[in-house]
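Okay, structure first, notes after.
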Amino acid sequence: MNPAAAANQKEEFKLKDTKPQLGERWPHGGTRGGGGWISSERATSTYDLVEQMFYLYVRVVKAKDLPTNPVTGTIDPYVEVKLGNYKGKTQHFEKKPNPEWHQVFAFSKEKIQSSILEVFVRDREMVGRDDYIGRVIFDMNEVPTRVPPDSPLAPQWYRLEDRRGESKVRGEVMLAVWMGTQADEAFPDAWHTDASSVQGEGVFNIRSKVYVSPKLWYLRVNVIEAQDVEPHDKSQLPQAFVKAQVGNQILKTKVCPQKTLNPMWNEDLIFVAAEPFEEQLYLTVENKVTSAKDEVMGRIILPLHIFGRRLDHRPVHSKWFNLEKFGFGALEGDKRHELKFSSRIHLRVCLEGAYHVLDESTMYLSDQRPTARELWKNPIGILEVGILSAQGLQPMKSKEGKGSTDAYCVAKYGQKWVRTRTIIESLNPKWNEQYTWEVYDPCTVITLGVFDNNHLGGSGGKNDSRIGKVR
């Protein structure tokens, strides 16, 4: 590599200083028309580490007393919210004059080009006729501003008007309209103008989400011994081993060195199990007939919730479990009751909660707490992260012949994962979302990754592509 390129490469991975306008700035008096902005000195409610983004929110709650179609006597109502070139639609309901939608629409203030907001109620059923039932109009200059932690704006009933706005028609719709920011509770579940092209199931794949990883336990299975195991060929003594399975984890003991009906192993097999314990411990005792052939002599299936949880050094008691006969013996089901004894296995099993289950590389560990909550210390503080934007992303796929990227960011720390909403078709996406984590140890690492969303058509096909990450 020539020296100039090497210097350029070093430059590329340096930290770059940006000067975003962080924190909340609100107009005087709370309405949008008020002159000038107030920049408050206090660290505001929640979104002080990101740039403030303004949205016009429209909450469509329900409608009542809508007129039915004179021909069919029914109505399939839906609502269309229109602001300039942007249109959002609710789902439609069949044959319901009193529908309830509870949907929120968010229009990005940057893209607003109209001074009026129109809310139409329409009838899906009217084929070949105008589906217009009525509308409500809002003047953008009179829309109130809502600042969290103020409680949400109460929706109100509005009478529908005819097409020219000259007279009222039958029917009312319940709406709330306000100006707010991305700190609003309505933001994560709202329909967004940024993603107006996304249809169907894809809408659920673009929203921001918070996930909590399942709580992991070590399942320690101490296989001690077995008694009265019977091979198919009774003339030969078996050479036994135990195979254990939890989910798709499979472990085996060593083969018992002696050929005997009462083999001993005293071996520990350790699995990782996640709450809630839906998996089972599946054990088989097998005979090594030849190097290429094993035969099952008995088996047992045990649900994980029957085992005790161990939080300290106290010993766990062992137990004998009867093995089910397997193969040929299992067919003679009626005779089984006559058998006075059964093959059995001696186990000591427990769920270990006294230390941390390693689920990430030790160099990038974000959490060192044991599984058992009783053993946690208090947090030493809160980590706050504002995920602002990304710059200069590469096109990851082609849409209609030109390169595009639909990017979202994932941050993982401890048991909590967060995922920002997807910004459609942008190589310089701005998310401006803020999240918090409790920190128990400063010597830990947070991982942030950026991905390209491949599920926008609602197809659950291929995985999302990785764009890059930083730790």
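The values are calculated or read from the model by the stated rules, or taken from the named source; none is laboratory data. Just so you know, these numbers come straight off a predicted model, no measurement behind them. In this analysis, Cβ positions are derived from the backbone assuming ideal geometry, glycine residues included, and neighbour counts consider all displayed protein chains. Side chains included, ligands, DNA and RNA excluded: accessible areas come from the protein's heavy atoms. Shrake-Rupley method; radii C 1.70, N 1.55, O 1.52, S 1.80 Å.
When the test is whether a residue is over 15 Å from K87 (Cα atoms), in contact with a helix residue (DSSP H, G or I) (Cβ under 6 Å, 6 or more places away or on another chain) and either open to solvent by less than 40 Å² (accessible area, probe 1.4 Å) or hydrophobic (A, V, I, L, M, F, W, C) (or both), T145 passes it.
Can we say R336 is open to solvent by 80 Å² or more (accessible area, probe 1.4 Å), within 43 Å of the chain's Cα centre (by Cα), modelled with pLDDT under 95 and not hydrophobic (A, V, I, L, M, F, W, C)?
Answer is no for this residue.
The rows are residues; the columns are (1) farther than 26 Å from Y55 by Cβ; (2) modelled with pLDDT of 90 or more; (3) not assigned by the TED database to the domain that holds A63.
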| site | (1), (2), (3) |
| --- | --- |
| Q91 | no, no, no |
| E100 | no, yes, no |
| S115 | no, yes, no |
| V127 | yes, no, no |
| I137 | no, yes, no |
| V143 | no, yes, no |
| P148 | no, no, no |
| E166 | yes, no, no |
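Being part of a strand (DSSP E or B), closer than 28 Å to P379 by Cα and modelled with pLDDT of 95 or more: is that true of V410 here? Answer is yes for this residue. Of all residues in region 425-445, those satisfying the criterion of being open to solvent by less than 40 Å² (accessible area, probe 1.4 Å), more than 21 Å from D406 (Cβ to Cβ) and in a loop (DSSP other than H, G, I, E, B) are T444, V445. Please determine whether any residue of region 278-292 is under 38 Å from the mean Cα position of the chain (by Cα), closer than 28 Å to H317 by Cβ and at pLDDT below 95. The answer is yes, given that some residue of region 278-292 is under 38 Å from the mean Cα position of the chain (by Cα), closer than 28 Å to H317 by Cβ and at pLDDT below 95. When region 138-178 is limited to residues that are within 33 Å of the chain's Cα centre (by Cα) and without any contact (Cβ under 8 Å) to a residue 24 or more places away in the chain, the one that is nearest to H102 (Cα to Cα) turns out to be A154. Among the strands (runs of 3 or more DSSP E) confined to region 258-318, the ones with at least 3 residues that are in contact with a Phe, Trp or Tyr (Cβ under 6 Å, 6 or more places away or on another chain), in contact (Cβ under 8 Å) with a residue 12 or more places away in the chain and open to solvent by less than 70 Å² (accessible area, probe 1.4 Å) are located at 293-303. Residue pairs whose Cβ atoms lie under 6 Å apart, sitting 6 or more positions apart in sequence or on different chains, and linking a residue in region 246-257 that is assigned by the TED database to the domain that holds F277 to a partner that is in a loop (DSSP other than H, G, I, E, B) and surrounded by 16 or more Cβ atoms within 10 Å (Cβ to Cβ), are V246/E279; G247/E279; V255/Q239; C256/P263. Checking each residue in region 208-229 for being buried (at least 17 other Cβ atoms within 10 Å of the Cβ) and within 12 Å of V418 (Cβ to Cβ) picks out only S208.
The requirement of being part of a loop (DSSP other than H, G, I, E, B) and of a type outside the set (D, E, K, R) is fulfilled somewhere in region 220-231, by at least one residue. Might you let me know whether region 382-405 holds any residue that is assigned by the TED database to the domain that holds K462, closer than 25 Å to K462 by Cα, part of a strand (DSSP E or B) and open to solvent by less than 30 Å² (accessible area, probe 1.4 Å)? Within region 382-405 (the criterion being assigned by the TED database to the domain that holds K462, closer than 25 Å to K462 by Cα, part of a strand (DSSP E or B) and open to solvent by less than 30 Å² (accessible area, probe 1.4 Å)), the answer is yes, since at least one residue qualifies. Within region 70-79, the residues that satisfy the criterion of being of a type outside the set (A, V, I, L, M) and crowded, with 18+ Cβ neighbours inside 10 Å are D76, P77, Y78. Considering only residues in region 187-207 that are in a helix (DSSP H, G or I) and of a type in the set (G, A, S), the one that is surrounded by the fewest Cβ atoms within 10 Å (Cβ to Cβ) turns out to be G200. Within region 86-117, the set of residues being of a type in the set (S, T, N, Q) and touching a Lys or Arg at 6+ places or on another chain (Cβ under 7 Å) comprises just one member, N98. When region 430-471 is filtered for residues that are of a type in the set (A, V, I, L, M, F, W, C) and either under 22 Å from E360 (Cβ atoms) or touching a Cys at 6+ places or on another chain (Cβ under 9 Å) (or both), the ones remaining, listed by number, are W431, W437, V439, C443, V445, I446, L448, V450, F451, I467, V470. Starting from residues that are outside any loop (DSSP other than H, G, I, E, B) and among the hydrophobic types (A, V, I, L, M, F, W, C), keep the ones in region 141-168 and report whichever is nearest to V58 (Cα to Cα). Only one residue tops the list, namely W157. Do we have P238 as at pLDDT 90 or above and assigned to a loop (DSSP other than H, G, I, E, B) here? Yes: the conditions hold for P238.
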